[in-house]
Amino acid sequence: GTCSAATADPAKGRPRRGRPRSLQDCAWAMQYSAIGTRGGANQYGVGPGVGVVAACLATVLVFGALSGGGSGAAKSKAVSAAALPSIIEAAEFQDISDGFFTNAAVTKSFAWSAPAMSLQAAADAAFPNGKGWTSITFSEGAGGAWTLQAVIDWVQKELLDGESPFESHGGNVPLPYTAPDAQDGKFDTPRDQLEPGQYVTYSRRQVCYIVAQSLIGAKTMGYENGLERFMHKSVYGKCTAAAGDFGRAWWTMLAACAADPNLASGGQGPLLMAAKARETPDVEEVREAAKAVTLADAGLRACFFDDGADDSDVLPDSRVPREACRQPTKDRPGDDFMSGALKGQAVQDISAMFLGGYIYGNACGLGGGQDERLMVYYPEVSALTFFLSEAGPDGTYGPPQLRQPAWILGARRMRIGLDGTCLHEQLFEMDPDVPLTSDLVEVPFGGGRYSMSGSKPFLAFMTENQGFLGWPETQVDLHLARTNKNPKQREVSPDSKYGFDKQVRAWYRAVALTSYDEAVQPVLRALVTSVGVGPWGAGLWWGDSQLSWLASWIGHAVAARTWGQDLPLDYYLYAAFTENPGNQCLMHAKSRCRACAAKCAESAAGAQGVYWLPGEAFMRAGNPDPCALVGDECGEVGFESVLEAYSQQNAAELWADIEALLAGATSLPVMSSVFDLLKSRPASTISH
């Protein structure tokens, strides 16, 4: 469990966490380095002395050149990548046959502790006496009908008692290990294990193994991973995630592992990847890039999902493909961007600063907002989200969850019941059609080609408006915000951290291909065919749904150009999205908006439990209707009119028009919708 290329703090005489930043660091790295993580070789597959110095020098010189760190003299002597051919070559040809790979210059491997319980006890916690488990036959799997006992037996024999999927690491699990301690060392742990621009991959078998070990309470000694902590942390003394819906989802995942032909005979199976975006770009960099694209470059397609309006004549030639826009029925969920019906369509997770939202120590299963629910239905995502952080200790710093913006690639939805309304989430049935083989895509990576699931790329990132209403959020502010009438929603000042420009940048940073390491870019291009999104920015953070959509439209037009191929923006409109239900109706023109509002009230009647709202956000005292509005709040202009006016315009022009229209608006009462204001001023006349 020692570092393969640690850096050290000479003043304290011990290894220092974080990226080496000087040649002195490299000298200490040589002194404190271990023999390595691969039986006499470090993570680059070369000997300890060469590997430590090479990795350290590469990090100091390359990162120094890129970041401009150090004195002016140091900057003038920065070594180019071309001057380091042997180092780069060693990294490029690293053996990743076992599934683990990262571009972090330092890795560290951790042994597992003894388990705290048996597999049988762990299964009983999620399915007491087998209750809730139904034998499942996977349509693409082997082994016939999988009983719970059969899954337990497979996990014990094939995963835990068989050869470790981390055998090439001595049975220990490796992790990236360059992230510095949080807030410049104020806390003793990093936020997570990935620095901006870093990535890590594990095989499907390795992720199954990590989940199985964590379910039985085995810990990674020396690294207090968030997954084991989350699974067994008591929630108000009532339950744990491992014994709740999360546990049932992870056991479904293990059943899929058992049936997976790719894992037969010890096979590692396809790769999964977590990749974090690079550092936040300057707003002016994004604004300048917007001058070179039109809004048509966003490739916007719409899905009107159970919104109650007659939308047959709205954007008839710009619709999301039918298989990803099937309406729900009385008894079953529909197919939308959250359910994973369209292969290659990424699901946009409206995350907090960390993936998964506020579930750590607060939830055992279904509930909360979109972000929280996705973690249950996509157990591979929740596994990596928590395993890749040890932020803590609890009560001091955390939560131990991967920070955004980040992609999780190769994950799949495992259960049935999910769509954006969450009206049918209590079905929560195991999905016999979980793709095991049919969704595999061959991707170029690390100098080779590997298989990854392309069924549902997962992209999590936040808007930059959390807390803009102030705290505590008052009833007056919430009621105005839920009807797009709060002046604070119209902040466009470049000096504000909540400004419109920050929302455009947030979308651009998360989606732009160039935000990710060069090794990740061809993987993304091979897997991702579009990005699906709902009311990003206008859910439980109470942004204006019209402005939030405009920010995503502009940001996506700029970001899509970086891909070198089409990347449509699939926008979903709901009458009753699980967050801030009814607010998206304001995207419609008046007549459709009113029909949408009526549909929200109809859908939510008797189903208020699927919508999480603070008490102050309910619009009528004593009325449990969670919907945001009635027809009187609807504007004249719908989003299709804005599309018609601006789709062929320069993205920077719409951006400038919005900022010009709303300058100083935060001090004025809201009299007209943003769409109405834009329609009253012909495109680009303001900025010109």
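The values are calculated or read from the model by the stated rules, or taken from the named source; none is laboratory data. Model, not experiment: these values are computed from the prediction. Don't worry about glycine lacking a Cβ; one is built from the backbone with ideal geometry, like all the others, and counts go over all protein chains shown. The protein model used for the area step is the full one, side chains on, heavy atoms only, and it has no ligands, DNA or RNA in it. Shrake-Rupley method; radii C 1.70, N 1.55, O 1.52, S 1.80 Å.
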Evaluate region 507-519: report whether one residue or more is within 25 Å of Leu366 (Cβ to Cβ) and either open to solvent by 20 Å² or more (accessible area, probe 1.4 Å) or at pLDDT below 95 (or both). no
Where a residue in region 397-408 is at positive phi and its partner, wherever it lies, is open to solvent by 10 Å² or more (accessible area, probe 1.4 Å), with Cβ under 8 Å and at least six apart: Gly398/Tyr360
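Okay, residues lined up against (1) in contact (Cβ under 8 Å) with a residue 12 or more places away in the chain; (2) part of a loop (DSSP other than H, G, I, E, B); (3) over 30 Å from Val286 (Cβ atoms):
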position: Lys599; (1), (2), (3): yes, no, yes
position: Arg620; (1), (2), (3): no, yes, yes
position: Asn623; (1), (2), (3): no, yes, yes
position: Gln648; (1), (2), (3): yes, yes, no
position: Asp657; (1), (2), (3): yes, no, no
position: Val670; (1), (2), (3): yes, yes, no
position: Lys679; (1), (2), (3): yes, no, no
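Every residue, every condition in (1) of a type in the set (A, V, I, L, M, F, W, C); (2) part of a loop (DSSP other than H, G, I, E, B); (3) over 28 Å from Leu409 (Cβ atoms); (4) in contact (Cβ under 8 Å) with a residue 24 or more places away in the chain, yes or no:
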| site | (1), (2), (3), (4) |
| --- | --- |
| Lys330 | no, yes, yes, no |
| Phe337 | yes, yes, no, yes |
| Val347 | yes, no, no, yes |
| Gly357 | no, yes, no, no |
| Cys364 | yes, yes, no, yes |
| Gly367 | no, yes, no, yes |
| Met375 | yes, no, no, yes |
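Can you pull out every residue in region 310-325 that is open to solvent by 20 Å² or more (accessible area, probe 1.4 Å) and outside any strand (DSSP E or B)?
First, the residues of region 310-325 that are open to solvent by 20 Å² or more (accessible area, probe 1.4 Å): 310, 312-313, 315-319, 321-323, 325.
Asp310, Ser312, Asp313, Leu315, Pro316, Asp317, Ser318, Pro321, Arg322, Glu323, Cys325 - these are the residues of region 310-325 that are open to solvent by 20 Å² or more (accessible area, probe 1.4 Å) and outside any strand (DSSP E or B).
Among the residues that make up region 440-451, is at least one of them closer than 30 Å to Ser135 by Cβ, in a loop (DSSP other than H, G, I, E, B) and in contact with an Asp or Glu (Cβ under 8 Å, 6 or more places away or on another chain)? Let's see the steps before the verdict.
So in region 440-451, the residues closer than 30 Å to Ser135 by Cβ come out as 440, 451.
If we keep only those that are in a loop (DSSP other than H, G, I, E, B) too, we end up with none.
Within region 440-451, not a single residue is closer than 30 Å to Ser135 by Cβ, in a loop (DSSP other than H, G, I, E, B) and in contact with an Asp or Glu (Cβ under 8 Å, 6 or more places away or on another chain).
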Cβ-Cβ under 9 Å pairs, at least 6 apart or on other chains, region 101-130 side touching a residue at least 12 places away in the same chain (Cβ under 8 Å) and among the charged types (D, E, K, R), far side outside any loop (DSSP other than H, G, I, E, B) and surrounded by 19 or more Cβ atoms within 10 Å (Cβ to Cβ): Lys108/Pro174; Lys108/Leu175; Lys108/Pro176
Taking first residues from region 159-179 that are open to solvent by less than 10 Å² (accessible area, probe 1.4 Å) and second residues anywhere that are of a type in the set (Phe, Trp, Tyr) and not in a loop (DSSP other than H, G, I, E, B), the pairs with Cβ under 6 Å that are 6 or more apart or on different chains are Leu159/Tyr209; Pro165/Tyr209; Val173/Phe110
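Please determine, by comparing only the residues of region 520-534 that are surrounded by fewer than 20 Cβ atoms within 10 Å (Cβ to Cβ) and touching a Gly at 6+ places or on another chain (Cβ under 8 Å), which one is nearest to Arg301 (Cα to Cα). Write out each step before concluding.
Step one: filter region 520-534 for residues surrounded by fewer than 20 Cβ atoms within 10 Å (Cβ to Cβ), giving 521-522, 525-526, 529.
Now restrict to residues that are touching a Gly at 6+ places or on another chain (Cβ under 8 Å): 525-526, 529.
Numbers: Arg525: 19, Ala526: 21, Thr529: 13 Å.
The extreme case among them is Thr529.
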Search result, residues across region 379-402 that are in contact with a strand residue (DSSP E or B) (Cβ under 7 Å, 6 or more places away or on another chain) and in a helix (DSSP H, G or I): Glu380, Val381, Leu384
When (1) open to solvent by less than 60 Å² (accessible area, probe 1.4 Å); (2) more than 30 Å from Phe101 (Cβ to Cβ) are applied to Ser139, the one that fails is (1)
Quick check on my filter: what residues within region 354-367 are over 16 Å from the mean Cα position of the chain (by Cα) and of a type in the set (Gly, Ala, Ser)? Gly361, Ala363, Gly365, Gly367
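Working carefully through the options Leu569, Leu540, find the one that is open to solvent by 10 Å² or more (accessible area, probe 1.4 Å) and either in contact with a Gly (Cβ under 6 Å, 6 or more places away or on another chain) or not hydroxyl-bearing (Ser, Thr, Tyr) (or both).
Values: Leu569 fails: open to solvent by 10 Å² or more (accessible area, probe 1.4 Å).
Matching residue, one of Leu569, Leu540: Leu540.
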Those residues of region 245-270 which are in contact (Cβ under 8 Å) with a residue 60 or more places away in the chain and open to solvent by 10 Å² or more (accessible area, probe 1.4 Å), in sequence order: Asp245, Arg248, Ala258, Pro261, Asn262, Ala264, Gly266, Gly267, Gln268, Gly269
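Tally up the residues in region 473-487 that are on the phi < 0 side of the Ramachandran plot and within 27 Å of the chain's Cα centre (by Cα), please.
Of the residues in region 473-487, the ones on the phi < 0 side of the Ramachandran plot are 473-483, 485-487.
Remaining after also requiring within 27 Å of the chain's Cα centre (by Cα): 473, 478, 481-482.
Total satisfying the criteria: 4.
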Among the residues in region 191-207, are any without any contact (Cβ under 8 Å) to a residue 60 or more places away in the chain and closer than 20 Å to Leu271 by Cα? no
Hey, Arg332 out of contact with any Gly (no Cβ under 7 Å at 6 or more places or on another chain) and among the charged types (D, E, K, R) or not: yes
Those residues that are free of Cβ contacts under 8 Å to residues at least 60 places away in the same chain and in a loop (DSSP other than H, G, I, E, B), I need them from region 536-572; list them, please. Ala538, Gly564, Gln565
Only one of these is in contact with a helix residue (DSSP H, G or I) (Cβ under 7 Å, 6 or more places away or on another chain) and either crowded, with 21+ Cβ neighbours inside 10 Å or not hydroxyl-bearing (Ser, Thr, Tyr) (or both): Leu677, Leu613, Leu643. Name it. Leu677
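Return yes or no: is Glu425 closer than 25 Å to Pro626 by Cβ and touching a Gly at 6+ places or on another chain (Cβ under 8 Å)? Steps first, please.
Working: closer than 25 Å to Pro626 by Cβ: yes; touching a Gly at 6+ places or on another chain (Cβ under 8 Å): yes.
Yes, satisfied.
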Failed criterion for Asp184 (all others in (1) touching a residue at least 40 places away in the same chain (Cβ under 8 Å); (2) open to solvent by 60 Å² or more (accessible area, probe 1.4 Å) hold): (1)
Could you check how many residues of region 192-240 are buried (at least 23 other Cβ atoms within 10 Å of the Cβ) and among the basic types (Lys, Arg)? 3
Residue within region 583-593 that is touching a strand residue (DSSP E or B) at 6+ places or on another chain (Cβ under 6 Å), assigned to a helix (DSSP H, G or I) and under 16 Å from Asp676 (Cβ atoms) present: yes
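With respect to Asp632, is the statement that it is open to solvent by 10 Å² or more (accessible area, probe 1.4 Å), within 23 Å of Tyr574 (Cα to Cα), in a helix (DSSP H, G or I) and modelled with pLDDT of 95 or more true? Can you show your working first?
Numbers: open to solvent by 10 Å² or more (accessible area, probe 1.4 Å): yes; within 23 Å of Tyr574 (Cα to Cα): yes; in a helix (DSSP H, G or I): yes; modelled with pLDDT of 95 or more: no.
The answer is no for Asp632.
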Leu388 passes all but one of (1) under 30 Å from Thr178 (Cα atoms); (2) open to solvent by 20 Å² or more (accessible area, probe 1.4 Å); which number fails? (2)
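Name the residues in region 171-203 that are of a type outside the set (D, E, K, R), more than 25 Å from the chain's Cα centre (by Cα) and at pLDDT below 95, would you? Quick ask: steps written out before the conclusion?
Going residue by residue through region 171-203, those that are of a type outside the set (D, E, K, R) are 171-180, 182-183, 185, 187, 189-190, 193-194, 196-203.
Adding the requirement that they be more than 25 Å from the chain's Cα centre (by Cα) leaves 171-172, 185.
Residue satisfying the conditions is Gly185 alone.
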